[in-house]
Amino acid sequence: MFEAKLQPEADFNNKVYDIFYDIAKKAQEDASKETELPYLLDRTSLAEYVFNVSVQSLDAHVLKREDFPKVKVGGRTLYPKDLVISWIRDHVEVSDQIAPKRNFGVI
């Protein structure tokens with residue numbers, strides 16, 4: 001008869017700690033980048049720093065929505081960072097569809 005016993009590597013706890021440390025460090029870096037952005041963003045900055053997509057993708061899928069927050073300043077359209085981030089949080093549907101009882105995100 002075959003018997004298998006699973007045992008963690010000797011340094012398993014340290015490796016897990018290192019992984020969680022790297023995740024927390026990245027989250028902290030992302031949060032500090034958010035505070036460094038100006039309050040009003042142009043569409044290029046919005047695409048690059050907030051959505052991490054091309055300007056063309058942002059135009060096609062987000063900016064043309066009537067409910068997306070924007071401000072007209074002269075002939076320019078600018079996007080308030082705080083309202084955009086709130087809009088994103090309000091329009092995330094993935095966690096509700098995949099795992100309704102799970103709490104996703106950094107708390």
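The values are calculated or read from the model by the stated rules, or taken from the named source; none is laboratory data. Because the structure is a prediction, the values reported are computed rather than measured. All Cβ positions, glycine included, derive from the backbone under ideal geometry; neighbour counts span all protein chains shown. Please note that ligands, DNA and RNA were not included when accessible areas were found on the heavy atoms of the full protein model with its side chains. Shrake-Rupley method; radii C 1.70, N 1.55, O 1.52, S 1.80 Å.
Residue selection: LYS81 satisfies the criterion of being open to solvent by less than 80 Å² (accessible area, probe 1.4 Å), closer than 18 Å to TYR39 by Cα and of a type in the set (Lys, Arg).
For segment 65-107, a residue qualifies if it is at pLDDT 90 or above, more than 18 Å from the chain's Cα centre (by Cα) and in a loop (DSSP other than H, G, I, E, B), and the qualifying residues are ARG65, GLU66, ASP67, LYS70, GLY74, GLY75. Against the list (1) of a type in the set (Gly, Ala, Ser); (2) modelled with pLDDT under 90; (3) in a helix (DSSP H, G or I), the condition SER45 fails is (2).
Check GLU9 against each of (1) part of a helix (DSSP H, G or I); (2) modelled with pLDDT of 75 or more; (3) exposed (fewer than 10 other Cβ atoms within 10 Å of the Cβ) and name the one condition it does not meet. It fails just one condition, (1).
Among the conditions (1) loosely packed, with under 10 Cβ neighbours inside 10 Å; (2) of a type outside the set (D, E, K, R); (3) under 17 Å from the mean Cα position of the chain (by Cα), TYR49 misses just one, which is (1).
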